[in-house]
1. Let me spell out the model: positive unit charges on the Cβ of Lys and Arg, negative unit charges on the Cβ of Asp and Glu, origin at the Cα centre of segment 42-172. What dipole size does that give, in debye rounded to 20?
2. Starting from the 7 Å offset along Cα-to-Cβ, what nm value, one decimal, do you get for the label separation of ARG178 and LYS107?
3. For an R0 of 22 angstrom, estimate the FRET efficiency from the Cβ-Cβ distance between GLN53 and GLN157 and round to the nearest 0.05.
4. State which entries of LYS148/LYS180; LYS66/LYS155; LYS155/LYS180; LYS25/LYS121 exceed 30 angstrom in Cα-Cα distance in the structure shown.
5. Can you tell me the length gained on complete extension of the stretch GLU100 to GLU10, counting 0.36 nm per residue apart and subtracting the Cα distance?
6. Can you pull the Kirkwood radius for segment 65-205, inverse mean 1/r over Cα pairs, to one decimal in Å?
7. Could you tell me which Cys residues in the chain have no other cysteine's Cβ under 4.7 Å from their own Cβ, answering none if every one has a partner?
8. Arranged by the count of other C-beta atoms within 10 angstrom, fewest first, what order do CYS20, CYS136 take?
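Quick note: the coordinates plus some simple rules give every number you see, no bench work behind them. Since this is a predicted model, take the numbers as computed values, not measurements. Backbone-built Cβ (ideal geometry, glycine too); neighbour counts: all protein chains shown.
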Amino acid sequence: MDRNEKIKVEVFFDYICPYCYAGLKYLEDLLPEYDFVEIEWRSVEAHPRSEPQLDLSDRKDIWESKMKTMVEQAGLELNPTVSPVPRSDKAFEGMHYIIEHEGDVEKFHKNMFKAMFVEQKNVEEDSVILSCALNCGIDTAGLESALKNGTYAEKQQQSLSYAYIDNQIEAVPTFISRTKRLDAVPGVGITREQVKIFLDSLSTD
């Protein structure tokens, strides 16, 4: 492989998914070793509005005990999750705006995950999304208008079709690059070692 050539990796994820919270931290930690990798962020709503909202009230203690162990292994913090679990479509509309306006989308990701899993905020609220976009290098007034008017709602629906129909995403996070693919196991997620093996495999393309 020509090391001057960038290899695109599509990362399918959801802000309300604790497996993505951990999996993207593994990716962030490992990426400096793979300077030939270029990330393309792909939004996936694990629980879109067409489905009932996820209510953890009857199994919250068991769920959070399992999630806390996994998240702490990634070196992250986890507080009790908001229930019912917020929708993520509006947050992804914010992501699309930030990408299109060349803002710092990685910082936005971190802020969104922190709001969801540490600060226990409702990440489908415009005010929360706007606070996460602060210091991300974009015009927050423009973002506020876009969220209010649903400017990126159609783009988000197209993103869901790309994920679920074109790429047959069944669980997140999922990483895809050319012929290589790493799918999360439902209810398990991915490990740091799996992410490293996937990234190592790209050098053979």
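1. The dipole magnitude comes to about 220 debye.
2. Result: 3.4 nm between the two label points.
3. Efficiency for this residue pair is about 0.75.
4. Long pairs (Cα-Cα over 30 Å): LYS148/LYS180; LYS66/LYS155.
5. 30.7 nm
6. 16.7
7. CYS132, CYS136
8. CYS136, CYS20
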